[in-house]
Amino acid sequence: MFHRSSRTLGVALAMFALGGPALANPNAVEGETLVDANAEELKAWLSDYGLIAEINADIYEYSVEAAPPCELVHVKSRGVGQPMLYTVKRCPTADGFKETMISGDQLEAMEAEWSVKPEGDRSRVKVRIFTKINLVPQFLVNQAGKKSIGQMLKNLTTKVDAKAR
């Protein structure tokens, strides 16, 4: 199990943005960025949940369990009033991966999707997420999700730039 120290709770943003449903859900939030990296190498790097946990400040702890061709990821992350625990099934897709919630204590639903596509010698990274948290108005969850996605993409760009040096 990997650990991250607690950080101050912001709104009710239990939603680390690790992806989201590419489903046509009107409550899904998304973000994208252009990264100076080869798409295939970046997809391979993002396939390691450890990187996702590094760029997502809302994740405190996680463990990964093989469930070929997918994996089950058990997560402890920022929650409403206290950390929340949930498990997602994380599966590869043609251009990234998708996560679907299997169980959770504060979450009613969560889907996340990461997409990495080549754009010249760079890569376009797109993250979509849908999260529904018990007793939290959806607009607050969406605000927190947008903020989290933006920060994750910024952190990803910083990591990629550092790796290139």
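Tabulated results
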read-out: Subset of segment 28-38 that is closer than 17 Å to N155 by Cβ and not aliphatic (A, V, I, L, M) - its residue that is modelled with the lowest pLDDT; value: D36
read-out: Breaking point among (1) under 15 Å from the mean Cα position of the chain (by Cα); (2) farther than 15 Å from L51 by Cβ; (3) surrounded by 16 or more Cβ atoms within 10 Å (Cβ to Cβ); (4) touching a residue at least 60 places away in the same chain (Cβ under 8 Å), for V136; value: (1)
read-out: Number of the exception - K89 against (1) modelled with pLDDT of 95 or more; (2) within 21 Å of V29 (Cβ to Cβ); (3) surrounded by 15 or more Cβ atoms within 10 Å (Cβ to Cβ); value: (3)
read-out: Qualifying positions in segment 135-165 - small (G, A, S) and closer than 26 Å to Q82 by Cα; value: A144, G145, S148, G150
read-out: Lone unmet requirement of (1) touching a strand residue (DSSP E or B) at 6+ places or on another chain (Cβ under 7 Å); (2) not in a helix (DSSP H, G or I) for G150; value: (2)
read-out: Qualifying residues in segment 39-96 (those that are among the aromatic types (F, W, Y) and outside any helix (DSSP H, G or I)) - the one farthest from L153 (Cα to Cα); value: Y86
read-out: Of the criteria (1) over 30 Å from E40 (Cα atoms); (2) surrounded by 22 or more Cβ atoms within 10 Å (Cβ to Cβ), which one Q143 fails; value: (2)
read-out: In segment 97-113, the residues that are surrounded by fewer than 16 Cβ atoms within 10 Å (Cβ to Cβ) and part of a loop (DSSP other than H, G, I, E, B); value: D105
read-out: Some residue of segment 9-27 being at pLDDT 90 or above and on the phi < 0 side of the Ramachandran plot; value: no
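The values are calculated or read from the model by the stated rules, or taken from the named source; none is laboratory data. Everything numeric here is computed off the predicted structure, so don't read it as measured data. Neighbour counts are summed over all protein chains in view; Cβ atoms, including those assigned to glycine, are modelled from backbone coordinates with ideal geometry.
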